[in-house]
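J.: Supplied in structure tokens, the structure appears directly below.
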Amino acid sequence: QSDYRREMIKALQKNKVVIPIRNLEGSFMGFSSAQSYVAYSVSLAIAEFMIDRYGMYNVKRVLEELGKNKSIEEAMRDGLSISYEVFQKEWQSEFEKGRG
């Protein structure tokens, strides 16, 4: 399955399909099976990127801030010391380079 996920991510990159992080917030319940698979796969790639870039300690801080009912913007600012918009740009840049 992870090979299939990697191939799907590579296909998105090759076709320059970047899914905005905001589209992945909230529930995937309204998605079709295929859309859900893409959403979960891209979400995993984003999480892996976040861990690689900022370390597990800081990712844990973001999760703790979310657990305090903070918005994703506040949690990223407090946990990673960057804005949500900067993170989105970093992710998009890495994704477009074929990483992520």
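The values are calculated or read from the model by the stated rules, or taken from the named source; none is laboratory data. Source: prediction; values computed, not measured. Cβ: placed from backbone, ideal geometry, glycine included. Neighbour counts: every protein chain shown.
J.: Within segment 1-36, take every residue that is surrounded by fewer than 14 Cβ atoms within 10 Å (Cβ to Cβ), basic (Lys, Arg) and farther than 21 Å from Leu66 by Cα and give me the one that is farthest from the chain's Cα centre (by Cα).
T.: Here the answer is Lys14.
J.: Of the residues Ala39, Ala75, Ala47, only one is loosely packed, with under 15 Cβ neighbours inside 10 Å, part of a helix (DSSP H, G or I) and of a type in the set (Gly, Ala, Ser); which?
T.: Only one candidate passes the filter, namely Ala47.
J.: Could you give me the residue pairs with C-beta distances under 7 Å whose first residue belongs to segment 34-48 and is closer than 12 Å to Leu12 by Cβ, whose second residue is among the basic types (Lys, Arg) and modelled with pLDDT under 90 wherever it lies, and which are 6+ apart or on separate chains?
T.: Going by the 7 Å Cβ cut-off, the qualifying pairs are Ser41/Arg5.
J.: What number of residues within segment 2-36 satisfy the criterion of being farther than 30 Å from Arg61 by Cα and either among the hydroxyl-bearing types (Ser, Thr, Tyr) or assigned to a loop (DSSP other than H, G, I, E, B) (or both)?
T.: Summing the residues that are farther than 30 Å from Arg61 by Cα and either among the hydroxyl-bearing types (Ser, Thr, Tyr) or assigned to a loop (DSSP other than H, G, I, E, B) (or both) in segment 2-36 gives 5.
J.: Would segment 81-90 turn up any residue that is at pLDDT below 95, of a type in the set (Phe, Trp, Tyr) and under 17 Å from Gly26 (Cα atoms)?
T.: Yes, segment 81-90 contains at least one residue that is at pLDDT below 95, of a type in the set (Phe, Trp, Tyr) and under 17 Å from Gly26 (Cα atoms).
J.: Find all pairs meeting these conditions: Cβ atoms under 9 angstrom apart; at least six residues apart or on different chains; first residue within segment 2-21 and in contact (Cβ under 8 Å) with a residue 24 or more places away in the chain; second residue among the basic types (Lys, Arg).
T.: If the second residue must be among the basic types (Lys, Arg), the pairs left are Gln13/Lys97; Gln13/Arg99.
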